[in-house]
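Participant: My structure is below; once you've seen it, I'll send some questions.
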Amino acid sequence: MPLYLSNEIFLCFCPKKVAGGHFGNRELGLGHDWKETRQTKRKALSEENEKNHACSPFKTGFRDNYGFLREIKSLGINYGQVGNNLPQPENVLDLLISLKLTKARIYDTNPQILTAFSNSNVELIVTVENQMLAVLTDPQQALQWVSTHIKPYFPATRITGIAVGNEVFTDDDTTLLAYLVPAVVNIHSALAQLGLDRYIQVSTPNSLAVLAESFPPSAGTFKTEVSGVMSQFLHFLSNTKSPFWINAYPYFAYKDIPLDYVLFKPNSGMVDPYTKLHYDNMLYAQVDAVIFAIARMGFNGIEVRVSETGWPSKGDSDEVGATIENAAAYNKNILRRQLNSEGTPLRPNMRLEVYLFALFNEDLKPGPTSERNYGLFQPDCTMAYNVGLSALSSPSTPSASISLTSSATKVKT
């Protein structure tokens with residue numbers, strides 16, 4: 001069926017643009033002396049790091065040599081902890097500060113991390129583990145969870161999001177799906193009871209496998225077996241103005257798709273035959289496919305954010321795409337795009353928020369070798385490979401040869 005599509009008009013829906021999802025300059029009652037306290041704490045920590053030869057940006061030289069010269073507001077990083085040799089949370093915070101990264105996501109509510117990140121400028125998304133979903137279908141249990149895991153740390157620790165489960169729609173345990181929306185609603189209601197819902201968004205990260213169709217982007221459709229719960233979930237997101245999070249990994253398609261298209265390198269790209277929008281990379285096409293799928297469910301204006309994306313630097317013999325060169329290219333090119341606050345071709349004026357996976361290589365993760373090698377850094381805070389962080393401060397650097405603008409054209413077909 002012929003469609004009329006533009007940046008915000010498609011499938012006869014007219015989604016409203018959503019603000020970036022941040023809460024702006026809000027008064028959180030931090031107190032006037034928190035900066036002094038933090039500076040004192042960091043000075044003592046730095047001295048302790050030097051004495052113990054601990055992982056520290058002050059020792060490794062990341063503070064100035066490899067840090068961003070300006071913050072990238074739409075870029076975050078996933079801080080996983082499935083390892084037995086990872087640095088202490090205080091050291092991790094100093095590394096993030098040295099890189100001027102102000103957003104991070106963790107996969108639990110580790111009290112050590114929540115305490116270490118207090119009185120810092122780093123915003124945190126925390127996670128409710130999948131095995132807790134059934135318990136949180138009880139509103140009183142949800143209130144207890146928020147009262148125990150969130151309230152004692154907020155606002156000193158800048159918790160801005162709660163991920164209720166992870167990839168529940170596609171989990172092997174199909175019983176989890178029935179618990180998801182009640183748990184999400186109850187966590188949000190608990191935040192509201194405690195006066196925190198204005199500051200903390202609630203959502204759940206989704207695998208791209210939740211889509212039945214993703215190519216071309218305008219064909220984006222959710223799998224029919226999840227459509228009932230998905231409709232309820234999207235209704236919640238629409239009512240609370242919360243984002244739809246996706247874990248998107250073009251890496252898994254590199255064997256079937258031109259590598260330059262997957263790595264954000266210069267390429268001829270593809271044109272969606274229905275929208276006539278041009279795509280020069282796979283990640284943006286995946287995001288727009290999700291936007292179309294959401295619209296087909298009747299929901300407009302929900303922001304889509306990338307809660308995970310990355311590329312492994314090492315793999316098994318059958319993972320030939322998992323190389324240092326490809327990992328560096330993928331992450332470096334995403335960073336360059338983020339410096340320009342790009343949007344996707346369908347929503348070019350709404351910057352796409354992206355969380356890279358991951359901060360560290362994690363030696364205890366199960367599965368193929370690639371699973372343990374997604375990190376930008378080794379556990380001792382040395383770089384797993386150089387993504388050129390210092391060069392990214394200048395968009396005009398000669399190595400930045402890729403196009404930094406997305407092409408979106410209104411057409412009638």
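The values are calculated or read from the model by the stated rules, or taken from the named source; none is laboratory data. Since the model is a prediction, treat every value here as computed from it, not as a measurement. Neighbour counts are summed over all protein chains in view; Cβ atoms, including those assigned to glycine, are modelled from backbone coordinates with ideal geometry.
Participant: Of all residues in segment 82-100, count the ones that are out of contact with any Asp or Glu (no Cβ under 7 Å at 6 or more places or on another chain), of a type outside the set (A, V, I, L, M, F, W, C) and closer than 21 Å to ASP363 by Cα. Give the steps one after another, and end with the answer.
Facilitator: Residues of segment 82-100 out of contact with any Asp or Glu (no Cβ under 7 Å at 6 or more places or on another chain): 86-99.
Next cut, of a type outside the set (A, V, I, L, M, F, W, C) only: 87-91, 94, 98.
After this cut, where a residue has to be closer than 21 Å to ASP363 by Cα as well, the list is 87-91.
Counting residues in segment 82-100 that are out of contact with any Asp or Glu (no Cβ under 7 Å at 6 or more places or on another chain), of a type outside the set (A, V, I, L, M, F, W, C) and closer than 21 Å to ASP363 by Cα gives 5.
Participant: Quick one: what pairs do we get from segment 150-168, first residue among the charged types (D, E, K, R), second not in a loop (DSSP other than H, G, I, E, B), C-beta under 7 Å, 6+ apart or different chains?
Facilitator: Filtered contacts from segment 150-168: ARG158/GLU123; ARG158/LEU124; GLU167/PRO205; GLU167/ASN206; GLU167/SER207; GLU167/ASN247.
Participant: While we're looking at this one, here's another question. With respect to ARG351, determine if the residue is in contact (Cβ under 8 Å) with a residue 12 or more places away in the chain and not in a strand (DSSP E or B).
Facilitator: yes
Participant: Next question, about the same structure. Starting from residues that are at pLDDT below 90 and not in a loop (DSSP other than H, G, I, E, B), keep the ones in segment 361-410 and report whichever is nearest to GLY269 (Cα to Cα).
Facilitator: Among residues in segment 361-410 that are at pLDDT below 90 and not in a loop (DSSP other than H, G, I, E, B), the one nearest to GLY269 (Cα to Cα) is LEU392.
So that you can scan it fast, the table gives a plain yes or no per residue for (1) in contact with a strand residue (DSSP E or B) (Cβ under 7 Å, 6 or more places away or on another chain); (2) closer than 29 Å to ASN361 by Cα; (3) modelled with pLDDT of 95 or more:
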| site | (1), (2), (3) |
| --- | --- |
| SER227 | no, no, yes |
| MET230 | yes, no, yes |
| TYR251 | no, yes, yes |
| LYS255 | no, yes, no |
| LYS276 | yes, no, yes |
| ASP288 | no, no, yes |
| ILE302 | yes, no, yes |
| SER307 | yes, yes, yes |
| SER313 | no, yes, yes |
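Participant: Take VAL181 and tell me if it is under 24 Å from GLN131 (Cβ atoms) and either surrounded by fewer than 18 Cβ atoms within 10 Å (Cβ to Cβ) or among the basic types (Lys, Arg) (or both).
Facilitator: no
Participant: Give the residue that is farthest from ALA209 (Cα to Cα), with candidates limited to residues of segment 119-155 that are small (Gly, Ala, Ser) and surrounded by 20 or more Cβ atoms within 10 Å (Cβ to Cβ).
Facilitator: SER120
Residue-by-condition table, conditions (1) surrounded by 21 or more Cβ atoms within 10 Å (Cβ to Cβ); (2) under 30 Å from ASP280 (Cβ atoms):
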position	(1), (2)
PHE169	yes, yes
THR175	no, no
ASN186	yes, no
LEU194	no, no
PHE215	no, yes
LYS223	no, yes
PHE236	no, no
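Participant: If we keep just the residues of segment 74-119 that are at pLDDT below 95 and among the β-branched types (Val, Ile, Thr), which is farthest from GLU342 (Cα to Cα)?
Facilitator: Filtering first and then ranking leaves ILE97.
Participant: Restricting attention to segment 288-297, does a residue exist that is buried (at least 18 other Cβ atoms within 10 Å of the Cβ), more than 21 Å from the chain's Cα centre (by Cα), at positive phi and not acidic (Asp, Glu)?
Facilitator: no
Participant: Residues that are of a type outside the set (Phe, Trp, Tyr) and out of contact with any Lys or Arg (no Cβ under 9 Å at 6 or more places or on another chain), at least 1 per element: which strands (runs of 3 or more DSSP E) completely within segment 68-171 meet that?
Facilitator: Values: elements: 75-78, 103-105, 123-128, 158-164.
Output list reads 103-105, 123-128, 158-164.
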